[in-house]
1. Could you report the range 1-99's accessible area per residue, 1.4 Å probe, as an integer in Å²?
2. With runs of 4+ DSSP H residues as the only contributors, calculate the mean residue ellipticity of the chain at 222 nm using -39,500 (n - 2.57) per run, divided by the residue total and rounded to the nearest 500.
3. Using a 1.4 Å probe on the protein chains only, how many percent of the accessible area of the chain belongs to carbon and sulfur?
4. Could you work out how far apart the two model spin labels at TRP35 and LEU50 are, taking each label as a point 7 Å from the Cα in the direction of the beta carbon, and quote it in nm?
5. Treat each spin label as a single point 7 Å out from the Cα along the C-beta direction, and report the PHE25 to GLU61 distance in nm.
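The values are calculated or read from the model by the stated rules, or taken from the named source; none is laboratory data. Nothing here was measured: the structure is a model prediction, and the numbers come from that model. Cβ atoms come from the backbone with ideal geometry, glycine included; neighbour counts cover every protein chain shown. Ligands, DNA and RNA are stripped out before the accessible areas are found, and what is left, the full protein with its side chains, is counted by its heavy atoms. Shrake-Rupley method; radii C 1.70, N 1.55, O 1.52, S 1.80 Å.
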Amino acid sequence: MKRTVRSYLRPYWLTFGLALGQLFFISALELLKPWPLKIIIDNVLSGRPLPWGFAPSWSSESLLVLACTGLVVVYLLLGGLRLLNDYTTIRIGQSMVNDLRRDLYSHIQRLSLSFYR
């Protein structure tokens, strides 16, 4: 069974690799989702400055706007990547089923008429 699936997946290995890459990127973005909320809770609500060297003098309002914008961007990227990943994996699956169907019909056409009695 594995050999059969592998043989039908072989023509689509590059697209399958792309789908796996999309999946890893989606996982990385999922890890970024709580980060803007952490900035809001730790730095905006408590009033502490950011520990990074490039933004010690930012006001709470600008941090809030930046964190909210970052959260929206992360969710938009996640939605777009999930849509692209769904399209890619569905396309691979439908192509594999189409190849299997083509081979099955080809095999049925080669059978002799005595097979159908």
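1. Numbers: 7150 Å² over 99 residues.
Each residue of the range 1-99 exposes 72 Å² on average to a 1.4 Å probe.
2. Estimated from H runs of four or more residues: -25000 deg cm²/dmol.
3. 69 percent
4. 1.1 nm
5. The modelled label-to-label distance comes out at 3.6 nm.
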